[in-house]
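Asks: So that we are looking at the same thing, I have put the structure below in structure tokens.
The values are calculated or read from the model by the stated rules, or taken from the named source; none is laboratory data. Model, not experiment: these values are computed from the prediction. Cβ placement follows ideal geometry from the backbone for every residue including glycine, while neighbour counts extend to all protein chains displayed. All accessible areas refer to the heavy atoms of the entire protein, side chains included, with ligands and DNA or RNA removed. Shrake-Rupley method; radii C 1.70, N 1.55, O 1.52, S 1.80 Å.
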Amino acid sequence: MSQKTLNDEARPGAVEASPGGSPKRWWILAVVALAQLMVVLDATIVNIALPSAQADLGFSDGNRQWIVTAYALAFASLLLLGGRIADLFGRKTAFLIGVVGFAAVSALGGAANGFAMLVTARALQGAFGALLAPAALSLLNTTFTDARERARAFSVYGAIAGAGGAVGLLLGGVLTDALDWRWTLYVNVAIAVLAFAGGQALLVNHRDAANSKLDVPGTVLVAAGLFFVVYGFSNAETHDWGSPLTWGFLIAGGVLLAAFTWWQTRAAHPLLPLRILTDRNRAASFLAVLISGAGMFGVFLFLTYYLQLNLGFSPTKTGVAFLPMVGALMVTAQLGTTVLVPRLGPKAVVPLGFAVAAAGMAWLTGIGVGSHYLSAVLPQLVVTGIGLGLVMPPAMQLATGGVAAEDAGVASATVNAMQQVGGSVGTALLNTLAASAATDYLSGRNAASKLVQAQATIESYTTAFWWSAGFFAAGALICFLVFRRGVPEQDADAAPVVHM
């Protein structure tokens, strides 16, 4: 391979891949996508199994939320550290350790004999996921050198990131119905075996930031800040917004993140170099991932409730009901990243996707007690999937495109952090708003009536859908204002230098 690249002066020792990229690149995409699917699945796959796990292990309703929250807290707070570890010690090393660790603690959770063992396994899953997810995305970012192939690869990755939650609901329902709740965790072992074998055979370890050092103060500040923010929003679900456990942690998290930002301007080897955030297209992409993560929970969480509790769907049937949305998202993911963004630019495509998703969510507010899936849910899901397919994959591609090779891991971690924080914010806000809507509806009515209770749940769902539509509409406006006009350079010209 030629040692001559356009970036030789800026990055001594960089080696340009051949014009077509690594001959193994599509197999690497399959391995990376498989690992990413494992991480994304675990954000939702356990949700459907929770009632069965609770009955089996005998923990309380109050403790039930921690099975989900423990994963989110560890994952969100350690993501930037995981991304930097991949840059410092090598992406292959980080990837393989993440895969093995994730599989091991998944098996531990599947064998849990009580609440403490299960919640510990979920927290450890989040920790290893925080190492695995940024390593996987940065591997993708540095493997594909051809602009068109890179767009196609990100359409696959972005579709998995956007639709993985729905796939998790389907797989969780099938495994719980057919086998046992423990298999929602054991399944990760089978996935990890394939991902590890592929990663060991195909990946090459390269330390792009080998001459840098870990920013320990920055790591402590951002990990604590993200932990407090996610914990504060999680507390809003079980406490009210006036509780010190909610606003106290949110304020503390905000202060710590502000201190982290200040420290990054002074640190010799910053954990998150601010040059990653100052590009307008990249900043807009981070915001798009954050907002779409918040709004998507209106689809997955409350529609799951509606399908199971109101329409009487089984867990498996509920998962199948989301598949048309997944299909629509995957089709437009390919269209958006490979055709529309390279021709029209993100300023036209991403806001359009948000607007279409907002229309789908607004249309979904028409559900009622006696509605049918085929008329009141299916078309709306397809429209929402079409919109999100134009948002998530292009945003992920633009958020990591054009960064220096030594920053690929931490840029990828920032994308994952935005999605996780967005999901935590969305869950807390929508749960609170939905509960308030149900309470308001019951006020002055016969709360003992089953019909009144059913209608109250519909009011809670539609309120959440309206707010999700509002999130998406705000995303359309923000992205239209922040994205630059024209086609981004990383789409029109060469992709970042990679090491093969």
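Asks: Just the accessible area per residue of the chain, please: how many Å² with a 1.4 Å probe?
Replies: Spelled out: the 1.4 Å probe surface of the chain, per residue, equals 38 Å².
Asks: May I ask you to order 440-448, 108-116 by the average number of other C-beta atoms within 10 Å around their residues, highest value first?
Replies: 108-116, 440-448
Asks: Ordering W27, W263 by accessible area with a probe of 1.4 Å, largest first, what comes out?
Replies: W27, W263
Asks: Among G353, P342, L34, pick out the residue whose Cα is farthest towards the positive end of the charge dipole of the chain, where Lys and Arg carry +1 and Asp and Glu carry -1 on C-beta, about the Cα centre.
Replies: Towards the positive end, the residue furthest out is P342.
Asks: Suppose the chain between S375 and L194 were pulled fully straight at 0.36 nm per residue; how much longer would it get relative to their current alpha carbon spacing?
Replies: 61.2 nm
Asks: Arrange the peptides 454-464, 287-297 so that the one whose residues have, on average, the most other Cβ atoms within 10 Å appears first.
Replies: Details: 454-464: 20.5, 287-297: 26.5.
Going from most to least packed, we get 287-297, 454-464.
Asks: As an exercise, use a Förster radius of 41 Å and the Cβ-Cβ distance of H269 and R484 to find the FRET efficiency, rounded to the nearest 0.05. Please list the in-between numbers first.
Replies: Details: r = 30 Å, r/R0 = 0.72.
The computed FRET efficiency comes out at 0.90.
Asks: Using 0.36 nm per residue of separation minus the Cα-Cα distance, give me the extension gain between Y305 and A111 in nm, one decimal.
Replies: Result for the pair: 67.1 nm of gain on full extension.
Asks: Using a Förster radius of 22 Å, what is the FRET efficiency between L344 and L277 based on their Cβ-Cβ separation? Nearest 0.05, please. Write out the running numbers ahead of the final one.
Replies: On the way: r = 25 Å, r/R0 = 1.12.
My answer for the efficiency is 0.35.
Asks: Please name whichever of A267, G168, A428 sits farthest to the positive end of the charge dipole of the chain, dipole taken about the Cα centre and charges placed at Cβ: Lys and Arg +1, Asp and Glu -1.
Replies: A267
Asks: What nm distance separates the two modelled labels at V220 and W262, each placed 7 Å from Cα along Cα→Cβ?
Replies: Inter-label distance under the simple model: 1.6 nm.
Asks: Separate question: Which length gain, in nm to one decimal place, applies between L477 and K213 when the Cα-Cα distance is subtracted from 0.36 nm times their residue separation? Please list the in-between numbers first.
Replies: Details: separation 264, 0.36 × 264 = 95.04 nm, distance 3.92 nm.
Net length gain for the segment: 91.1 nm.
Asks: Let me ask something else. Compute the acute angle (0 to 90°) between the alpha-carbon long axis of helix 25-41 and the principal axis of greatest extent of the alpha-carbon atoms of the chain; round to the nearest 10°.
Replies: Between helix and principal axis, roughly 30 degrees.
Asks: Treating the beta-carbon of each Lys and Arg as +1 and of each Asp and Glu as -1, no other charges, what is the dipole magnitude of the chain about its Cα centre, to the nearest 20 debye?
Replies: Dipole about the Cα centre, nearest 20: 480 debye.
Asks: What is the sum of charges around T457, taking Lys and Arg as +1, Asp and Glu as -1, for the other residues whose C-beta is under 15 Å from the C-beta of T457?
Replies: The answer is 0.
Asks: I've got another one for you. Can you give me the % of accessible surface on the chain that is carbon or sulfur? Probe 1.4 Å, all protein chains present, nothing else counted.
Replies: 67 percent
Asks: I want the local charge near D56. Using Cβ-Cβ distances under 11 Å, sum +1 for each Lys or Arg and -1 for each Asp or Glu among the other residues.
Replies: Details: positive: R182; negative: D180.
My count for the surroundings of D56 gives 0.
Asks: Once both axes come from the Cα atoms, what is the angle between helix 450-482 and the longest principal axis of the chain, in degrees from 0 to 90, rounded to 10?
Replies: Between helix and principal axis, roughly 20 degrees.
Asks: So how tilted is helix 147-178 from the main axis of the chain? Cα-based, degrees 0 to 90, rounded to 10.
Replies: Taking the Cα atoms of the chain, the angle to 147-178 is about 30 degrees.
Asks: Explain nothing, just the number: relative contact order of segment 400-489, from Cα pairs under 8 Å at least 6 residues apart, as a whole percent. It would help to have the intermediate numbers written out before the result.
Replies: Numbers: 35 pairs, mean separation 20.2, N = 90.
Relative contact order, segment 400-489: 22 percent.
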